[in-house]
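S.K.: Just passing along the structure, written as structure tokens.
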Amino acid sequence: MLSKNTIKYLNSLKEKKYRDLKNEFIVEGEKSVYEFLKYPENIKAIYALPAWINQNIEKLKLINNINEISVDLLKKISNLKTPNNVIAIVKKTHSTIDFNHNNLILVLDGIRDPGNIGTIIRIADWFGIDYLICSPDTVDPYNPKAVQSSMGSLCRVKVLELPLDQFFNMLPHDFMVYGTLINATPINNIKLQQKAVIIIGNEAKGISNNIIKFVSCKISIPSYMHELKVKGKADSLNAAIAASILCYEFKKQNNNNS
């Protein structure tokens, strides 16, 4: 049985101001929790149904704070419509960027949809990208919906939230800054530099005007003809889909050149 104060504390982590204050966030669902259990030093506490704890006792051997809770209590503290057996409280990890060991960095400028940022974190993990830089007006990457969408990848991708002009002012000169814009040069027509930053702009407005000045090379994702010789007319691609295509093209070119 959890105290009222503990329940209040757990529910407070659904809000950004308390996540920032405590430097902690919520991870829900077995698949995501399993990923974070690979890094037990970052887990503050586990709250789970007794059956789940018994089934995963070996995975939990390095976790000191394990709490059995009922289905009703899980519903009270969960962000999901259908709670999924376990909730973990995870400590945020803070880091500085090591530019010497990174070739590709993603920058998010005003991304507002938590599902998009969660998926982009997962994409970064898939392509072995260590750092994701988020502008102050980008949705909180520790938002429960973002964490859920990242499917555990947040435990490997380092997410930094800072003013983008500050980031670009400390970026080494040997990094090329690529910005995604409509009607720019198609990415498949460019020889991409190995040390690079890709800026992904807001879903509706694109890259903000005060950030475009940092762009060294403007790029786009080309559209293609339909069977009836009509070119694709969709206004734009979803931010996460665009990020996935761009990361693939960068990695493909760099692997071929290595």
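S.K.: For Ile97, which of the numbered conditions (1) of a type in the set (Val, Ile, Thr); (2) part of a loop (DSSP other than H, G, I, E, B); (3) modelled with pLDDT of 95 or more fails to hold?
M.R.: With respect to (1) of a type in the set (Val, Ile, Thr); (2) part of a loop (DSSP other than H, G, I, E, B); (3) modelled with pLDDT of 95 or more, Ile97 is out only on (3).
S.K.: Restricting to segment 172-192, give me the number of residues that are crowded, with 18+ Cβ neighbours inside 10 Å and modelled with pLDDT under 95. Walk me through how you get there before you give the answer.
M.R.: Step one: filter segment 172-192 for residues crowded, with 18+ Cβ neighbours inside 10 Å, giving 175, 177-180, 187, 192.
Next, from what is left, pick out any that are modelled with pLDDT under 95: 180, 187, 192.
Counting residues in segment 172-192 that are crowded, with 18+ Cβ neighbours inside 10 Å and modelled with pLDDT under 95 gives 3.
S.K.: Quickly run through segment 168-198 and pick out the residues that are assigned to a strand (DSSP E or B) and touching a Phe, Trp or Tyr at 6+ places or on another chain (Cβ under 7 Å).
M.R.: Val177, Ala196, Val197, Ile198 - these are the residues of segment 168-198 that are assigned to a strand (DSSP E or B) and touching a Phe, Trp or Tyr at 6+ places or on another chain (Cβ under 7 Å).
S.K.: For segment 1-48, give me each residue that is surrounded by 16 or more Cβ atoms within 10 Å (Cβ to Cβ) and on the phi > 0 side of the Ramachandran plot.
M.R.: Gly29
Residue-wise test of (1) closer than 30 Å to Pro136 by Cβ; (2) among the aromatic types (Phe, Trp, Tyr); (3) at pLDDT below 95; (4) part of a loop (DSSP other than H, G, I, E, B).
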position: Phe25; (1), (2), (3), (4): yes, yes, no, no
position: Glu35; (1), (2), (3), (4): yes, no, no, no
position: Ile46; (1), (2), (3), (4): no, no, no, no
position: Trp52; (1), (2), (3), (4): no, yes, no, no
position: Pro83; (1), (2), (3), (4): no, no, yes, yes
position: Ile89; (1), (2), (3), (4): yes, no, no, no
position: Val107; (1), (2), (3), (4): yes, no, no, no
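S.K.: Provide a single number: the residues in segment 150-170 that are more than 14 Å from Leu108 (Cβ to Cβ) and of a type in the set (Ser, Thr, Tyr).
M.R.: Number satisfying all stated conditions: 1.
S.K.: Based on what the data block shows, is Lys61 under 23 Å from the mean Cα position of the chain (by Cα), without any contact (Cβ under 8 Å) to a residue 60 or more places away in the chain and surrounded by fewer than 13 Cβ atoms within 10 Å (Cβ to Cβ)?
M.R.: no
S.K.: Hey, among Asn103, Asn79, which residue is closer than 30 Å to Gly201 by Cβ, at pLDDT below 95 and assigned by TED's automatic domain parsing to the domain that holds Asn23?
M.R.: The conditions single out Asn79.
The values are calculated or read from the model by the stated rules, or taken from the named source; none is laboratory data. Since the structure is predicted, the reported quantities are computational estimates derived from the model, not experimental observations. So basically every Cβ, Gly included, is an ideal-geometry build from the backbone, and we count neighbours across all protein chains shown.
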